[in-house]
Amino acid sequence: GENLEDLTDTIIFTSINKEGKITLVSIPRDIWINEIQAKINTAYHYGGPDLIKKTIQNMLGQKVSYYLIVNFSGFEKAVDLLGGVAINVQKGFDDYLYPISGKENDLCDSDKEFKCRYEHLHFDVGPQLMDGKTALKFVRSRNAEGEEGTDFARVQRQQLFLGAFKEKLTLPEASLHPKKMFNLFNIFRESTITNIRENQYGGLLFLLSKGQWNNLKTVVLDGGLLIHPATHYSKQWVLVPKTGDWQEVQDYVKKLLD
């Protein structure tokens with residue numbers, strides 16, 4: 001198919017209300033969007049931040065005020081700056097098809113299986129400290145054998161990571177360390193695309209500091225609301241709303257946020 005360089009790897013809708021209740025809704029990247037006749041993870045490629053923002057608003061029935069797009073190098077640097085993250089892996093897995101960056105078109109000396117394009121990832125069950133590179137592999141892996149190879153399992157790993165990152169960020173050695181916070185802020189500035197203006201940072205940080213981080217609600221739009229249709233869309237493996245429109249999803253999200 002078309003080589004889309006800037007596919008959106010992970011999409012999370014975040015809501016913080018005035019009482020400090022935080023809700024994260026993870027959106028599987030295989031959701032089919034009729035308006036663009038493509039999966040949601042291509043919306044950024046076709047129309048930049050505005051199209052992805054509009055697409056999510058239409059889908060969830062919620063106003064999206066701000067967007068924040070983070071690139072992978074920023075992700076790795078931020079994790080390393082905090083000294084890694086402690087993640088308690090719930091299910092171990094092997095992924096033999098993790099793509100190696102830069103080798104997408106390598107002919108692998110005529111190897112028909114193109115094995116040189118991939119590396120083998122292995123994660124054991126249990127708590128482990130991950131550096132930026134490892135954490136990125138943990139949240140990005142898409143081809144694990146068995147259950148962990150599903151979009152839903154992947155989203156759950158991403159939410160595990162977010163919890164671990166938040167833990168690290170609120171430890172005294174990070175939050176009370178001005179130089180570390182300043183460096184983290186610079187990484188954030190250099191590796192994100194956002195419509196948040198600098199004069200809004202203070203207000204948003206205040207809102208975040210009031211957030212009930214220990215009572216974080218994390219959900220995945222999943223099998224209860226979405227299905228893999230029998231008919232293929234452009235010969236792709238996609239997810240569509242069970243009922244044929246987004247009303248049920250919108251009702252679910254509204255109830256979640258109330």
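Readers should treat all values here as calculations from the given coordinates under stated rules, not as data from a laboratory. Computed from a prediction, not measured in an experiment: that's the story for all the values here. Note: ideal-geometry Cβ built from the backbone for every residue, glycine included; neighbour counts use all protein chains shown.
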> In straight Cα distance, which lysines are under 24 Å from Lys166, not counting same-chain residues fewer than 8 positions off?
Replying inline: Lys18, Lys21, Lys77, Lys91, Lys133, Lys137, Lys179, Lys180, Lys210, Lys217
> Which lysines have a Cα less than 18 Å from the Cα of Lys235, not counting those fewer than 8 places away in the same chain?
Replying inline: Lys39
> Counting other Cβ atoms within 10 Å, which trypsin sites (Lys or Arg not before Pro) in the range 36-114 have at most 10 and lie in a DSSP loop?
Replying inline: Lys63, Lys112
>> What does the charge count around Tyr252 come to, taking other residues whose C-beta lies under 15 Å from its C-beta (Lys +1, Arg +1, Asp -1, Glu -1)?
In response: -1
> Counting other Cβ atoms within 10 Å, which GluC sites (Glu not before Pro) in the range 88-161 have at most 11 and lie in a DSSP loop?
Replying inline: Glu104, Glu113, Glu145
> If Lys and Arg each add +1 and Asp and Glu each add -1, what is the summed charge of the other residues whose beta carbon sits under 10 Å from the beta carbon of Ser191?
Replying inline: 0
> What is the pair-distance distribution P(r) of the range 153-207, computed from all Cα-Cα distances in 5 Å bins starting at 0, with each bin given as a whole percent?
Replying inline: 4, 15, 17, 25, 23, 12, 4, 0
> For Lys168, which aspartates and glutamates qualify as cross-link partners when the Cα separation must be under 15 Å and same-chain residues fewer than eight apart are set aside?
Replying inline: Glu76, Asp80, Asp131
>> What do you get for chymotrypsin sites (Phe, Trp or Tyr not before Pro) in the range 22-91 restricted to DSSP loop and a cutoff of at most 14 other Cβ within 10 Å of the site's Cβ?
In response: Tyr66
> Hey, if you put +1 on the Cβ of every Lys and Arg and -1 on every Asp and Glu Cβ in the range 11-127, which of His122, Gly47, Gly61 ends up farthest toward the positive end of that dipole?
Replying inline: Gly61
> Hey, what number do you get for the chain at 222 nm if only DSSP H runs of n ≥ 4 count, each worth -39500 (n - 2.57), divided across all residues, to the nearest 500?
Replying inline: -11500 deg cm²/dmol
> Using a simple charge model, +1 on the beta-carbon of Lys and Arg, -1 on the beta-carbon of Asp and Glu, nothing else, what dipole does the range 1-159 show about its Cα centre, in debye to the nearest 20?
Replying inline: 720
> Rounded to the nearest 20 Debye, what is the dipole magnitude of the range 38-80 about its Cα centre when Lys and Arg each give +1 and Asp and Glu each give -1 at the C-beta?
Replying inline: 220
>> Classify the range 1-148 from the C-alpha gyration tensor, please: rounded if a/c falls under 1.5, else prolate or oblate depending on whether a/b exceeds b/c.
In response: oblate
> Got a sec? Charge dipole of the chain, +1 on Cβ for Lys and Arg, -1 for Asp and Glu; which of Ile22, Pro99, Phe138 is way out at the positive end?
Replying inline: Ile22
